[in-house]
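The values are calculated or read from the model by the stated rules, or taken from the named source; none is laboratory data. Computed from a prediction, not measured in an experiment: that's the story for all the values here. Every residue, glycine among them, receives a Cβ derived from its backbone with ideal geometry; neighbour counts consider all protein chains shown.
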Amino acid sequence: MFSHFDYFTLCLAAAAGGAVNSVAGGGTLLTFPALFAALGVSAQTSVVANATSTVALFPGSLAGMAGYRRELREAPRWSWLLVLPSLAGGLLGAMMVIAQPKTFEALVPWLILTAAALFALQPRIAVWAGVGRGSSRPTPGKVALAMVFQTLVAIYGGYFGAGIGILMLSSLAMMGLGDIHRMNALKTLLASAINGVAAAIFIAQGKVHWPFALAMSVAAVAGGFLGAHVARRLDRNLVRRVVVAIGFSLAGYYFYLQLA
C-alpha cells in the first residue's frame, strides 16, 4: 500500500515538473526518479515509472500545444513533415522499453546523465544551432536530414524523453525555421506526438500505475499553468542549473545503486 506521503511527494514532483517544462523543460528528470523511488527499484518498476511519468505529463503537453494554435497554423508543411517521424520513432522507443525492461533499468543512470548534460549544454547548443535567428529557405537535403534526425529524437523520446526539447529546437533552427515562437509551437506539437504514441503503447500494455498517473497529471497541469504565469519573473538559467544539479545527483545515486 502507498501512503498519503507518497502521493504528496509524487504530486509535488509532478507540479514542479509541469512548472519546469513551461519554463526550461526537463520535467521528466523530476517525475521519473520520484516514481522510481516510490514503486521500488527494479527492472519492471523502472518501466512502470517511465510509463506513468509519460502519461502524467502528457496532458500538460496538450495544454501547451493549444496555446500555440496560431503559430502552428503558420507552419502546416513542417507539421506534416515531422509529425509522422515523431509518431514512428515514439512508437519504436516505447516498444523497446517494454521489450527489454532489464536493459532499460541498466540504462537509467546513463539516460538521466545524458538528459542532465543536454540541459547543462542547452545555451551552447542553442547558440551553435542558431536558435532564434533567421535563416535561408531549407533545401530538400536539409528537409530529409530533419526528418531522419526527428525520427532518432522520437525514438529517444519514446524510450525516455528528457531533453528532446532542446534537440528539436536545434534541429528546427538549422533547418531554417528562424521564428522562435513558431519553433516552440512545432516543438510542442512534435513532443505531444511522441509522448502521445508512447503513452498509448504503455497504456495498451498495462504498464501505467493509474492512481499515481491521475493524481500526478492534475498536479502537472496545475504546475504548468502556474509556471507559465510566473515564467517572466524567473531566471531560466537558475531553473536550468537546479534541474541539472538534480539530474547529475540522481545519476550518481543510480550508478551507486548499480555498483553496490
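Name the pairs: first residue in the range 43-54 and over 10 Å from H209 (Cα atoms), second residue charged (D, E, K, R), Cβ to Cβ under 7 Å, at least 6 apart or on different chains?
If the second residue must be charged (D, E, K, R), the pairs left are A43/K102; A43/E105; S46/E105; V47/K207.
So in the range 138-147, with the set limited to residues that are under 16 Å from W80 (Cβ atoms) and either part of a helix (DSSP H, G or I) or among the small types (G, A, S) (or both), which one is farthest from the chain's Cα centre (by Cα)?
P140
For the range 1-76, list the helices (runs of 4 or more DSSP H) that sit wholly inside it and hold at least 1 residues that are of a type in the set (A, V, I, L, M) and at pLDDT 80 or above; which are they?
4-23, 28-39, 43-66
Identify the residue in the range 47-59 that is β-branched (V, I, T) and within 12 Å of the chain's Cα centre (by Cα) and, among all such residues, is surrounded by the fewest Cβ atoms within 10 Å (Cβ to Cβ).
V55
From the list A144, A191, pick out the single residue that is surrounded by 24 or more Cβ atoms within 10 Å (Cβ to Cβ) and out of contact with any His (no Cβ under 6 Å at 6 or more places or on another chain).
A191
Restricting to the range 24-46, and then to whatever is of a type in the set (V, I, T) and surrounded by fewer than 24 Cβ atoms within 10 Å (Cβ to Cβ), can you tell me which residue is nearest to G158 (Cα to Cα)?
Filtering first and then ranking leaves T45.
Which condition number does F202 fail, the rest of (1) closer than 27 Å to M147 by Cβ; (2) over 14 Å from the mean Cα position of the chain (by Cα); (3) modelled with pLDDT under 90 being met?
Every listed condition holds for F202 apart from (3).
Would you please name the residue that is surrounded by the most Cβ atoms within 10 Å (Cβ to Cβ), looking only at residues in the range 104-131 that are at pLDDT below 70 and within 13 Å of I166 (Cβ to Cβ)? Before the answer, list the steps.
Just the residues of the range 104-131 that are at pLDDT below 70, to begin with: 122-123, 125-131.
With the extra rule that they be within 13 Å of I166 (Cβ to Cβ), the set shrinks to 122-123, 125-129, 131.
Details: Q122: 25, P123: 14, I125: 17, A126: 17, V127: 11, W128: 12, A129: 18, V131: 21.
Among those residues, the one meeting the criterion is Q122.
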